[in-house]
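Here is the structure we will look at, set down as structure tokens.
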Amino acid sequence: MRQLLVLFALVLFSQAAHAQIGLGKKWKKQQQNTQIDYSNPKTYTIEAITVKGANTLNKNALISLSGLKTGDKIKVPGDKISNAIRKLWKQGIIADVSIKVEKTEGDKIWLIIDLTERPRLSIIEIYGANKTQTKELKEEIDIAKGKVLTSAIQKNTEIIASKYFIKKGFLNTKVKIYSEKDMLLANHVKMIVDIDKGKKVHIDRINFDGVKDLDETKLKSKMKKTNEKVRVTIFKDLTSRILHTDAQKAKEFFSESYTSTWKDFKMYLNKHIKLNFFSSSKFIGSEFEEDKKKLIAYYNSKGYRDARILRDSVYVNEGGDVNIDIEVFEGKKYYFRDIKWVGNFIYTDETLDKVLGIKTGDVYDMENLNKRLTFDPTKQDVTSIYMDNGYLASSITPVEVRVEGDSIDIEMRVHEGKQFRIGNVAISGNDRTNDHVIIRELYTVPGDLFNRSLLIRTQKELSQLGYFDPEQTTPNVVPNMANETVDITWELVERPSDQIELSGGWGGSYGFIGTLGLSFNNFSFRNIFNKKAYRPLPTGDGQKLSLRAQANGKQYQSYSISFQEPWLGGKKRQSFSTSFSYSSQKQYNYLTREYGDGFLRMFGVTVGLGRRLKWPDDYFSLSNSITFNRYDINKYDYGLGFTEGYANNISFNTTLSRNSAEPIYPRNGSSYTLSATLTPPYHLWTGLNYKNRDLPGEDRYKWIEYYKIMFDAKNYMKIVGNLVVESKVHFGFLGAYSEKVGVGPFERFVMGGSGLAGQNYILGTEVVSLRGYEDRAITPNNQGISGDIDGGTAYCKFSAELRYPVSLAQAATIYVLAFAEAGDNWGTFSNVNPFSLKKSAGFGARIFMPAFGLIGIDWGYGFDSPKPGQSKGGSQIHFTIGQQLR
């Protein structure tokens, strides 16, 4: 038996001596024409190489990757074969590979690369996640179908999935990756991502140690993303209001458990009033690290320059959530003492001190100091007065020169440098807008001293044109130190500026009203006869052409066309505008639902001129216009005071405005408008007896006379980030030159609803919105000299909106808002009472798309009755399109 075993071992050894194993792969011998002696390496010339087992891979590419080619000389056995196997294996696309000898003839050799491809990915299936999470996770994994599925891809997928859920607070997430054969596709597999998220881990308590001088609640508020279950002391007053039916118990609870956690508070609320919608922040390690930096930054801003975190620990409590312990070293609170300027020759110490705005005894806050030195968005900073005077390379370095007790002396080391002038100014990205339209808006002129404020002003002016994406309108400033010049390239991104308005709405008694409007905001009138310029209309000269039609069939129709040239003559900011309009309304009997013979028609034309002012500053503009409206009334009885005749309105309007707000989504700035509209005092020369109440309306209003004063103010203030508050004030007054003439039926105010112009628009009515009330609900009916007249002669409105953007992308700007507003509309000035207004509140959303303009929807709740004896406004839905609310 032992002899047989020895013989069997010798046979195996002799076979192994004729095989070469490279990287765990087999080198197999084929004996077809010649016996290869592996104990004596021999040099061969490769005559041919073939590939076996490649179903989807390119065979020539595989041969190239191996490093072998026809004509090469190789030793068998030798390193070139092993290296070729290694190179193919490194590609990660092959599951198994070996190189075989097909045959040999003399010193020629034929080779076969025998391989097995790795399977390819057909689909990713994710288990343990909801639809939204699955969609987002697949986007992050981002593996194309048909890609070779390697172990590296699987491991990377596991890491991505784990990180995704850890960021969402699932710290105990477990991910398993495996593959299943796809029965529908050859050599394809499904990658299965099996996720066990576990319980979401929240932050239960944040405990501070070492905090003596600052309030812990304030410190926790600075940790924006790492929030504990909020302490009841913050909600003490609020909860007393919530629990007004059980106020005594709430008072006892707070007095007994003043330092109770939010968990205790939730238990109490759930027990007594069944509230269960409170939650705390999830724990994410990276966000915790960011919040620790914010915590120390807050300490520094309060003068604690030595503050630091000595230690912190995060641990799981009995409930499965985490507690965080933070030990803080506050250190001493410091104050500014002496601030000295060194190296300043252009500006005196007194001037720089005044701009800096920091005095001896102020709390030591280096963040505020650096903001006041370099860039303060709210007011002028020290660097700006240098850069506005051409000192582009100026720099100011604050250095602590002495620390004594709680006081610190600062030395401001100023390097003023040389004055830079503007060299070349270039424009890029304006594919549709002509260069001269952009150049005339530039405040950065070659040869002028560099001025940072004018650079920012130019950026704002280009954004306000509406032709370019304001988020991507940026100047590329390149200083040339050798010749002390600076080149500026305005990099622009064109966006569609033309708009189409296609809408329908309910116009009160008029029923459904359809609107079609076209606005070409970058029109070119000079190319109107140039066929090559039509794309689909001639564009690029910054002019505006608007066409609008509104109708509901036979009863109401309105058509208008307007044109505006913002730079008349092309050299100065002087605008020219003109418009034409025609409207018609038919008398309609709502009882019989039949049209009568009566109608009201209006034809109007307006011509206006405007210009930009330089005083008090160049944000002011003044415009003047003359308007002629002719009304044709025939058997039309609808709140005019007369039913037949003609009325003519020739009015002069002058408007003074100041606008420094950004377009689309203003974050700062303001807009103020004061306008006066006047007609001639016809009663002085017509010879009519206006005191006579029997004077027919067609004679009394043949020539309409009045004066109207309007004031609108909007202010924008950034709270934090892109969270913005818009506050608005609106006033209007319509008066008569003489009491015996009185105020006629035209140009009156109607209030309520969304502010969309509806019925009686052709009478020149000023439509004022007040959300939370029905359209026109707050409109007085007056006993005029010649009969009943609808509409107010005085109104006021106050409004505040809190806005936050969802998207500021070029394709669509979207923001949500919450509002509160109050206003009223009075028939006579003697009835005006600004302290008794109709109030409302609500929320809504706006979307601005370049092709459609501004579209909005609001829900408002009116708290008061629009008129005596009526029910309060209540819940209302409002829809707006293509216009800003007044």
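Overview of results
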item	result
Pair list, Cβ < 7 Å and 6+ apart or interchain, from region 658-687 residues that are of a type in the set (Phe, Trp, Tyr) to residues that are part of a strand (DSSP E or B) and open to solvent by 20 Å² or more (accessible area, probe 1.4 Å)	665/808; 672/657; 672/658; 682/703
Residue 151 exposed (fewer than 14 other Cβ atoms within 10 Å of the Cβ), within 15 Å of residue 120 (Cβ to Cβ), free of Cβ contacts under 8 Å to residues at least 60 places away in the same chain and polar (S, T, N, Q)	yes
Pair list, Cβ under 6 Å, 6 or more apart: region 162-185 residue without any contact (Cβ under 8 Å) to a residue 24 or more places away in the chain, other residue in a helix (DSSP H, G or I) and surrounded by fewer than 19 Cβ atoms within 10 Å (Cβ to Cβ)	175/158; 175/162; 177/154; 177/158
Residues located in region 367-417, provided they are exposed (fewer than 14 other Cβ atoms within 10 Å of the Cβ), in a loop (DSSP other than H, G, I, E, B) and over 34 Å from the mean Cα position of the chain (by Cα)	405, 406
Hits in region 522-560 - residues which are in a loop (DSSP other than H, G, I, E, B) and among the small types (Gly, Ala, Ser)	524, 540, 542, 553
Residue count for region 468-479, restricted to those that are open to solvent by less than 60 Å² (accessible area, probe 1.4 Å) and more than 15 Å from residue 445 (Cα to Cα)	5
Test: residue 754 is among the hydroxyl-bearing types (Ser, Thr, Tyr), open to solvent by less than 40 Å² (accessible area, probe 1.4 Å) and out of contact with any strand residue (DSSP E or B) (no Cβ under 6 Å at 6 or more places or on another chain)	no
Any hit, region 529-538, residues being crowded, with 18+ Cβ neighbours inside 10 Å and either at negative phi or more than 30 Å from the chain's Cα centre (by Cα) (or both)	yes
Residue pairs meeting the criteria (Cβ under 6 Å; at least 6 apart or on separate chains; first surrounded by fewer than 18 Cβ atoms within 10 Å (Cβ to Cβ), in region 721-738; second of a type in the set (S, T, N, Q))	727/715
Qualifying residue in region 276-286 (condition: assigned to a helix (DSSP H, G or I), buried (at least 18 other Cβ atoms within 10 Å of the Cβ), within 33 Å of the chain's Cα centre (by Cα) and at pLDDT 50 or above)	no
Enumeration of residues in region 341-361 that are open to solvent by 50 Å² or more (accessible area, probe 1.4 Å) and closer than 19 Å to residue 406 by Cβ	359, 360
Cross-chain or 6+ apart pairs with Cβ under 6 Å, region 303-332 first and within 14 Å of residue 214 (Cα to Cα) and touching a residue at least 60 places away in the same chain (Cβ under 8 Å), then hydrophobic (A, V, I, L, M, F, W, C) and not in a strand (DSSP E or B)	328/211; 330/307
Single residue of 614, 572, 635, 586 found to be open to solvent by 70 Å² or more (accessible area, probe 1.4 Å), over 27 Å from residue 546 (Cα atoms) and touching a residue at least 12 places away in the same chain (Cβ under 8 Å)	635
Of all residues in region 115-132 being within 24 Å of residue 282 (Cβ to Cβ), touching a strand residue (DSSP E or B) at 6+ places or on another chain (Cβ under 8 Å) and not β-branched (Val, Ile, Thr), the one that is least open to solvent (accessible area, probe 1.4 Å)	129
Pairs where the first residue, in region 98-123, is within 30 Å of residue 193 (Cα to Cα) and free of Cβ contacts under 8 Å to residues at least 60 places away in the same chain and the second is open to solvent by 40 Å² or more (accessible area, probe 1.4 Å) and part of a strand (DSSP E or B), C-beta under 7 Å, 6+ apart	118/95
Test: residue in region 590-602 that is under 24 Å from residue 706 (Cα atoms), out of contact with any Gly (no Cβ under 7 Å at 6 or more places or on another chain) and open to solvent by 50 Å² or more (accessible area, probe 1.4 Å)	yes
Yes/no for residue 453 being in a helix (DSSP H, G or I), under 21 Å from residue 395 (Cα atoms) and open to solvent by less than 60 Å² (accessible area, probe 1.4 Å)	yes
Verdict on residue 315 being among the hydroxyl-bearing types (Ser, Thr, Tyr), open to solvent by less than 50 Å² (accessible area, probe 1.4 Å) and more than 20 Å from residue 451 (Cβ to Cβ)	no
First in region 211-227 and closer than 15 Å to residue 329 by Cβ, second anywhere and of a type in the set (Val, Ile, Thr) and surrounded by 13 or more Cβ atoms within 10 Å (Cβ to Cβ), Cβ under 8 Å, 6 or more apart	211/328; 219/211
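The values are calculated or read from the model by the stated rules, or taken from the named source; none is laboratory data. Note that this is a predicted model, so its numbers are computed, not measured. As a convention, Cβ positions derive from the backbone with ideal geometry for all residues, glycine included, and neighbour counts pool all protein chains shown. Quick note on the areas: whole protein, heavy atoms, side chains included, nothing else; ligands and nucleic acids left out. Shrake-Rupley method; radii C 1.70, N 1.55, O 1.52, S 1.80 Å.
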